[in-house]
Amino acid sequence: MISRQKGGYRPGVGRRNYLIEGVSGTGKTSVCKELRRRGYHAINGDTELAYQGDPETGEPTDEAPSHWHHLWCVDKVRTLAADRSERFTFFCGGSRNFSTFLELFDGVFVLEVDSDTLNRRLDERPDDEFGSGQSERDLIVRLHRTGEDTPAGGIRIDATAPLAHVVDEIVRRAKSLEDHNADRA
(Lines give C-alpha, C1' and ligand atoms only; values in the text may rest on other atoms or scores of the structure.)
Protein backbone atom coordinates (compact mmCIF):
# COMPACT_ATOMS: atom_id res chain seq x y z
CA MET A 1 0.00 0.00 0.00
CA ILE A 2 1.37 3.37 -0.97
CA SER A 3 1.28 5.92 1.83
CA ARG A 4 3.13 9.00 2.97
CA GLN A 5 6.80 8.28 3.38
CA LYS A 6 8.65 11.56 3.96
CA GLY A 7 7.24 12.96 7.18
CA GLY A 8 4.31 14.76 5.55
CA TYR A 9 1.75 12.76 7.52
CA ARG A 10 0.64 14.30 10.79
CA PRO A 11 -1.37 11.90 12.98
CA GLY A 12 -4.52 13.31 14.50
CA VAL A 13 -4.95 16.21 12.10
CA GLY A 14 -7.91 14.51 10.43
CA ARG A 15 -6.91 15.62 6.95
CA ARG A 16 -6.14 13.00 4.29
CA ASN A 17 -5.12 13.17 0.64
CA TYR A 18 -5.80 10.29 -1.72
CA LEU A 19 -4.80 9.74 -5.34
CA ILE A 20 -7.23 7.92 -7.62
CA GLU A 21 -5.35 6.55 -10.64
CA GLY A 22 -5.90 4.08 -13.45
CA VAL A 23 -5.50 3.91 -17.21
CA SER A 24 -7.83 5.91 -19.43
CA GLY A 25 -11.31 4.41 -19.43
CA THR A 26 -11.28 3.01 -15.90
CA GLY A 27 -13.61 5.70 -14.53
CA LYS A 28 -11.47 8.34 -12.82
CA THR A 29 -13.55 11.27 -14.11
CA SER A 30 -16.83 9.54 -13.22
CA VAL A 31 -15.54 8.76 -9.73
CA CYS A 32 -14.49 12.40 -9.30
CA LYS A 33 -17.94 13.65 -10.29
CA GLU A 34 -19.65 11.19 -7.95
CA LEU A 35 -17.39 12.11 -5.03
CA ARG A 36 -18.23 15.78 -5.62
CA ARG A 37 -21.93 14.97 -5.85
CA ARG A 38 -21.64 13.33 -2.42
CA GLY A 39 -19.99 16.43 -0.99
CA TYR A 40 -16.38 15.29 -0.94
CA HIS A 41 -13.53 17.54 -2.03
CA ALA A 42 -12.39 15.99 -5.31
CA ILE A 43 -9.92 17.45 -7.79
CA ASN A 44 -10.10 16.47 -11.46
CA GLY A 45 -6.41 16.45 -12.20
CA ASP A 46 -6.94 16.19 -15.95
CA THR A 47 -8.80 19.50 -16.07
CA GLU A 48 -7.54 21.37 -12.98
CA LEU A 49 -3.87 20.40 -12.69
CA ALA A 50 -2.69 19.10 -16.06
CA TYR A 51 -0.50 20.64 -18.72
CA GLN A 52 1.77 19.37 -21.48
CA GLY A 53 5.36 19.29 -20.28
CA ASP A 54 8.69 17.56 -20.43
CA PRO A 55 8.44 14.57 -18.05
CA GLU A 56 12.12 14.91 -17.06
CA THR A 57 12.25 18.64 -16.32
CA GLY A 58 8.60 19.59 -15.84
CA GLU A 59 9.05 22.49 -18.26
CA PRO A 60 5.96 23.22 -20.40
CA THR A 61 6.21 22.18 -24.05
CA ASP A 62 4.64 23.59 -27.19
CA GLU A 63 4.49 20.19 -28.86
CA ALA A 64 1.26 18.53 -29.93
CA PRO A 65 -0.57 16.99 -26.96
CA SER A 66 0.91 13.65 -25.98
CA HIS A 67 0.05 11.07 -23.35
CA TRP A 68 3.71 10.96 -22.33
CA HIS A 69 3.78 14.73 -21.71
CA HIS A 70 0.55 14.85 -19.66
CA LEU A 71 1.86 16.23 -16.35
CA TRP A 72 0.32 17.73 -13.23
CA CYS A 73 1.58 21.03 -11.85
CA VAL A 74 3.54 19.86 -8.82
CA ASP A 75 3.27 23.23 -7.03
CA LYS A 76 -0.54 23.14 -7.33
CA VAL A 77 -0.65 19.54 -6.07
CA ARG A 78 1.52 20.48 -3.08
CA THR A 79 -0.62 23.54 -2.28
CA LEU A 80 -3.86 21.56 -2.44
CA ALA A 81 -2.38 18.71 -0.39
CA ALA A 82 -1.22 21.16 2.30
CA ASP A 83 -4.72 22.65 2.70
CA ARG A 84 -6.16 21.03 5.79
CA SER A 85 -9.69 22.47 5.56
CA GLU A 86 -11.28 19.24 4.25
CA ARG A 87 -11.40 15.83 5.89
CA PHE A 88 -10.49 14.13 2.61
CA THR A 89 -9.26 15.41 -0.71
CA PHE A 90 -9.34 13.02 -3.63
CA PHE A 91 -7.03 13.78 -6.57
CA CYS A 92 -8.52 11.99 -9.58
CA GLY A 93 -6.70 11.42 -12.84
CA GLY A 94 -3.47 10.31 -14.38
CA SER A 95 -0.16 12.07 -14.82
CA ARG A 96 3.22 10.98 -16.06
CA ASN A 97 4.98 12.74 -13.18
CA PHE A 98 3.09 11.20 -10.25
CA SER A 99 6.36 9.94 -8.78
CA THR A 100 7.35 13.56 -8.00
CA PHE A 101 4.45 14.04 -5.59
CA LEU A 102 3.37 10.54 -4.54
CA GLU A 103 4.68 11.08 -1.00
CA LEU A 104 1.94 13.68 -0.42
CA PHE A 105 -0.78 11.03 -0.41
CA ASP A 106 -2.03 8.98 2.50
CA GLY A 107 -3.14 6.35 0.02
CA VAL A 108 -3.41 5.56 -3.65
CA PHE A 109 -6.37 3.82 -5.26
CA VAL A 110 -5.90 2.27 -8.70
CA LEU A 111 -9.09 1.70 -10.67
CA GLU A 112 -9.07 -1.55 -12.62
CA VAL A 113 -11.40 -2.98 -15.25
CA ASP A 114 -11.32 -6.06 -17.45
CA SER A 115 -10.48 -5.81 -21.16
CA ASP A 116 -14.11 -6.08 -22.31
CA THR A 117 -15.19 -3.22 -20.04
CA LEU A 118 -12.24 -1.10 -21.11
CA ASN A 119 -12.99 -1.62 -24.81
CA ARG A 120 -16.69 -0.88 -24.32
CA ARG A 121 -15.90 2.36 -22.48
CA LEU A 122 -13.41 3.41 -25.15
CA ASP A 123 -16.05 2.67 -27.83
CA GLU A 124 -18.39 5.09 -26.02
CA ARG A 125 -15.91 7.99 -25.94
CA PRO A 126 -16.63 11.10 -27.99
CA ASP A 127 -14.36 11.69 -30.99
CA ASP A 128 -12.55 14.58 -29.27
CA GLU A 129 -11.66 12.65 -26.10
CA PHE A 130 -8.35 10.86 -25.48
CA GLY A 131 -8.68 7.21 -26.44
CA SER A 132 -11.12 7.70 -29.29
CA GLY A 133 -8.40 7.48 -31.97
CA GLN A 134 -6.90 4.10 -32.88
CA SER A 135 -3.29 4.93 -31.93
CA GLU A 136 -4.45 6.28 -28.54
CA ARG A 137 -6.65 3.24 -28.02
CA ASP A 138 -3.77 0.90 -28.84
CA LEU A 139 -1.64 2.70 -26.25
CA ILE A 140 -4.36 2.47 -23.59
CA VAL A 141 -4.87 -1.24 -24.23
CA ARG A 142 -1.11 -1.83 -23.92
CA LEU A 143 -0.91 0.22 -20.70
CA HIS A 144 -3.90 -1.71 -19.33
CA ARG A 145 -2.16 -4.99 -20.12
CA THR A 146 1.25 -4.02 -18.68
CA GLY A 147 0.23 -1.71 -15.80
CA GLU A 148 3.37 0.32 -16.54
CA ASP A 149 1.65 3.69 -16.31
CA THR A 150 0.04 3.49 -12.86
CA PRO A 151 1.57 3.59 -9.37
CA ALA A 152 2.72 0.18 -8.16
CA GLY A 153 1.51 -0.80 -4.72
CA GLY A 154 -1.78 1.11 -4.82
CA ILE A 155 -5.02 -0.32 -3.47
CA ARG A 156 -6.76 -2.00 -6.39
CA ILE A 157 -10.43 -1.10 -6.85
CA ASP A 158 -12.69 -3.13 -9.14
CA ALA A 159 -14.13 -0.39 -11.34
CA THR A 160 -16.28 -2.79 -13.38
CA ALA A 161 -18.83 -2.52 -10.57
CA PRO A 162 -21.55 0.14 -10.71
CA LEU A 163 -20.22 3.64 -10.04
CA ALA A 164 -21.99 3.98 -6.68
CA HIS A 165 -20.36 0.77 -5.47
CA VAL A 166 -16.91 1.86 -6.70
CA VAL A 167 -17.19 5.17 -4.84
CA ASP A 168 -18.59 3.44 -1.73
CA GLU A 169 -15.53 1.18 -1.72
CA ILE A 170 -13.09 4.08 -2.13
CA VAL A 171 -14.73 6.05 0.70
CA ARG A 172 -14.86 2.95 2.91
CA ARG A 173 -11.17 2.30 2.31
CA ALA A 174 -10.27 5.98 2.88
CA LYS A 175 -12.10 5.94 6.23
CA SER A 176 -10.42 2.67 7.16
CA LEU A 177 -6.98 4.13 6.40
CA GLU A 178 -7.89 7.22 8.43
CA ASP A 179 -8.92 5.05 11.40
CA HIS A 180 -5.78 2.91 11.07
CA ASN A 181 -3.52 5.97 11.03
CA ALA A 182 -5.37 7.55 13.98
CA ASP A 183 -4.85 4.36 16.00
CA ARG A 184 -1.11 4.61 15.33
CA ALA A 185 -0.94 8.22 16.56
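Looking only at segment 39-51, decide whether some residue is closer than 26 Å to Thr160 by Cα, aromatic (Phe, Trp, Tyr) and not in a loop (DSSP other than H, G, I, E, B). Scanning segment 39-51 turns up no residue that is closer than 26 Å to Thr160 by Cα, aromatic (Phe, Trp, Tyr) and not in a loop (DSSP other than H, G, I, E, B). Within segment 52-73, being part of a loop (DSSP other than H, G, I, E, B) and either at pLDDT 90 or above or touching an Asp or Glu at 6+ places or on another chain (Cβ under 6 Å) (or both) holds for Asp54, Thr57, Gly58, Glu59, Thr61, Cys73.
Val108 satisfies every condition listed in (1) surrounded by fewer than 19 Cβ atoms within 10 Å (Cβ to Cβ); (2) in contact with a Pro (Cβ under 8 Å, 6 or more places away or on another chain); (3) under 23 Å from Ser176 (Cα atoms); (4) not charged (D, E, K, R) except (1).
For segment 81-93, does any single residue satisfy the condition of being farther than 21 Å from Lys175 by Cα, in contact with a Gly (Cβ under 6 Å, 6 or more places away or on another chain), surrounded by 18 or more Cβ atoms within 10 Å (Cβ to Cβ) and at pLDDT 95 or above? Checked segment 81-93: no residue is farther than 21 Å from Lys175 by Cα, in contact with a Gly (Cβ under 6 Å, 6 or more places away or on another chain), surrounded by 18 or more Cβ atoms within 10 Å (Cβ to Cβ) and at pLDDT 95 or above. Among the residues making up segment 148-174, none is closer than 14 Å to Asn17 by Cβ and without any contact (Cβ under 8 Å) to a residue 24 or more places away in the chain. Kindly evaluate Ile140 against the criterion of being β-branched (Val, Ile, Thr), in a helix (DSSP H, G or I) and over 15 Å from the mean Cα position of the chain (by Cα). Yes, satisfied.
From the list Thr100, Thr117, Thr160, the lone residue that is surrounded by 14 or more Cβ atoms within 10 Å (Cβ to Cβ), farther than 15 Å from Ser30 by Cα and among the β-branched types (Val, Ile, Thr) is Thr100. Of all the criteria given as (1) surrounded by fewer than 16 Cβ atoms within 10 Å (Cβ to Cβ); (2) under 21 Å from Glu169 (Cα atoms), the one not satisfied by Pro126 is (2). Given the structure, is Arg125 farther than 21 Å from Gly153 by Cα, part of a loop (DSSP other than H, G, I, E, B), basic (Lys, Arg) and modelled with pLDDT under 95? Taking the combined requirement at face value, the residue satisfies it. A single member of Ser66, Ser30 is without any contact (Cβ under 8 Å) to a residue 40 or more places away in the chain and among the small types (Gly, Ala, Ser), and it is Ser66.
The values are calculated or read from the model by the stated rules, or taken from the named source; none is laboratory data. Keep in mind that this is a model prediction, so the values were computed, not measured. Glycine also receives a Cβ, built like all others from the backbone with ideal geometry; neighbour counts cover every protein chain displayed.
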